[in-house]
Amino acid sequence: MAAQREWYEKDYYKVLGVADDAVPKDITKAYRKLARESHPDTHPGDDAAEERFKEISAAYDVLGDEAKRKEYDEVRRLGPMAGGQFGPAGGPGGYNFNVGADGLGDLLGQMFNRGRRGGGSSASAAPQRGADVDARLTLDFADAVRGITTTLHLTSDAQCSTCNGSGAKPGTQPRVCSQCGGRGVIDDNQGFFSFSSPCRGCGGAGVVVDTPCPTCRGSGSERRAREVQARIPAGVADGQKIRLKGRGAPGRNGGPVGDLIVECHVTPHPRFGRHGADLTVRVPITFAEAALGGDIDVPTLDGPQVTLRLKPGTQTGTRHRVRGKGIVTQKTTGDLIVTVDVHVPTELDAQQRAAIEALAAATTVSPRHHDRDAE
Ligand SMILES: [Zn+2]
Ligand SMILES: [Zn+2]
């Protein structure tokens, strides 16, 4: 293995005087010629010649062996990436870089894995946030306007109650993984690089369960019905989603709990509607109230009636704003928008009929006089 440092530093092709892509036959031919020329037997006492002979032998040792030559080429190719970062040359077990086609793929794979790890690889012993859990809640109109604290009934993943999340059958213990010592990752010293990859022995958990819990089959979590107290803020709209922090699925390896996302469905109100923070309501008035003006009572969603003053000559369908009687949240205060509808009686008693006939007789200008002018 010590040879590999030399491999990177020495150009054996140059030593043998052959091209990088020389065929084996030519390499052997070149070696034999050079070896003969510098053989110590023909140069007794010549240290330089001896050194030269050793160099040629070392070069042929590598280039003359097809497998070694392939490895050498790889090291030479990857060499510039390493610079001076080789491990201690010659130390037993110190440097075990072994590059083949597969070795290189592995190396790149691990670089990729390492890049991803920061983003939270699933196969790692790092703390992992629990998943967000979705829930639906149907609210009646008034509760949605006011806000409500309610109990949600959920079925979701929770810590297994049989094994308290360990995944091991009660009475047994998960044991620390012998391959990674509980770290969940294995350091790979690849010479050029030092990588951590998820431990294959434990799948990154750091512990191994020999006898799985019968309830959760070793996963440590189970589907369980649970109740969650949820505070739904005032003014939630139909279809709106409310995020309740820390009420979702439990985290792994000490990671934080996920969120509970509650999709709210608001049932309509028989009388009131909503427009943003404003409430809306329609109120019938008589012809006399519309014509003469006056004070009328209008309902509010959450309290006593309020008085609305109509001007004389109020038209049907006109809208009137009652300040501060809409949806009140911490941020906004909405109004109550009152639409008045002039109510036309469908049945008249004799006295009413006489009064309306008198009104008709006294009416000199038709509301359609513009139409008549246009003819
Ligand atoms: Zn269990
Ligand atoms: Zn392990």
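For this structure, a couple of remarks:
- Subset of segment 322-350 (residues that are open to solvent by 80 Å² or more (accessible area, probe 1.4 Å), touching a residue at least 24 places away in the same chain (Cβ under 8 Å) and more than 43 Å from the chain's Cα centre (by Cα)): HIS343, VAL344
- In the set (1) assigned to a loop (DSSP other than H, G, I, E, B); (2) more than 60 Å from the chain's Cα centre (by Cα), ALA358 fails one condition alone, (1).
- With respect to the stated conditions, ALA249 is among the aliphatic types (A, V, I, L, M), open to solvent by less than 30 Å² (accessible area, probe 1.4 Å) and touching a Gly at 6+ places or on another chain (Cβ under 6 Å).
- Residue in segment 265-279 that is in contact (Cβ under 8 Å) with a residue 40 or more places away in the chain, farther than 26 Å from ARG146 by Cα, outside any strand (DSSP E or B) and open to solvent by 80 Å² or more (accessible area, probe 1.4 Å) present: no
- Only residues that are among the polar types (S, T, N, Q) and either modelled with pLDDT of 80 or more or under 14 Å from TYR13 (Cα atoms) (or both) were counted in segment 39-75, giving 1.
- Residues located in segment 313-328, provided they are in contact with a Gly (Cβ under 9 Å, 6 or more places away or on another chain) and over 20 Å from VAL344 (Cβ atoms): GLY324, LYS325, GLY326, ILE327, VAL328
Every residue, every condition in (1) within 30 Å of ILE232 (Cα to Cα); (2) of a type in the set (Gly, Ala, Ser), yes or no:
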residue	(1), (2)
VAL283	no, no
ALA291	no, yes
LYS325	yes, no
THR332	yes, no
ALA350	no, yes
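- Taking the criterion of being of a type in the set (Gly, Ala, Ser) and within 14 Å of ligand 2 (Cβ to nearest atom), the residues of segment 202-219 that qualify are GLY203, GLY204, ALA205, GLY206.
- Check on THR314, part of a loop (DSSP other than H, G, I, E, B) and either farther than 30 Å from GLU222 by Cβ or modelled with pLDDT under 90 (or both): yes
- Yes/no for ASP157 being within 16 Å of ligand 2 (Cβ to nearest atom), open to solvent by 30 Å² or more (accessible area, probe 1.4 Å) and of a type outside the set (Val, Ile, Thr): no
- Residues satisfying the stated conditions in segment 152-171, i.e. free of Cβ contacts under 8 Å to residues at least 40 places away in the same chain and more than 11 Å from ligand 1 (Cβ to nearest atom): GLY171
Here's the yes/no breakdown for (1) within 20 Å of LEU137 (Cβ to Cβ); (2) touching a strand residue (DSSP E or B) at 6+ places or on another chain (Cβ under 7 Å); (3) of a type in the set (A, V, I, L, M, F, W, C):
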{"position": "VAL209", "(1), (2), (3)": "no, yes, yes"}
{"position": "SER221", "(1), (2), (3)": "no, yes, no"}
{"position": "ALA225", "(1), (2), (3)": "yes, yes, yes"}
{"position": "GLY248", "(1), (2), (3)": "yes, yes, no"}
{"position": "GLY254", "(1), (2), (3)": "no, no, no"}
{"position": "VAL298", "(1), (2), (3)": "no, yes, yes"}
{"position": "THR307", "(1), (2), (3)": "no, yes, no"}
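The values are calculated or read from the model by the stated rules, or taken from the named source; none is laboratory data. Treat the numbers as computed from the prediction; the structure is a model and nothing was measured. Here the Cβ is made from the backbone with ideal geometry for all residues, glycine too, and neighbour counts use every protein chain on show. Accessible surface is based on the protein model in full, side chains and every heavy atom, while ligands, DNA and RNA are left aside. Shrake-Rupley method; radii C 1.70, N 1.55, O 1.52, S 1.80 Å.
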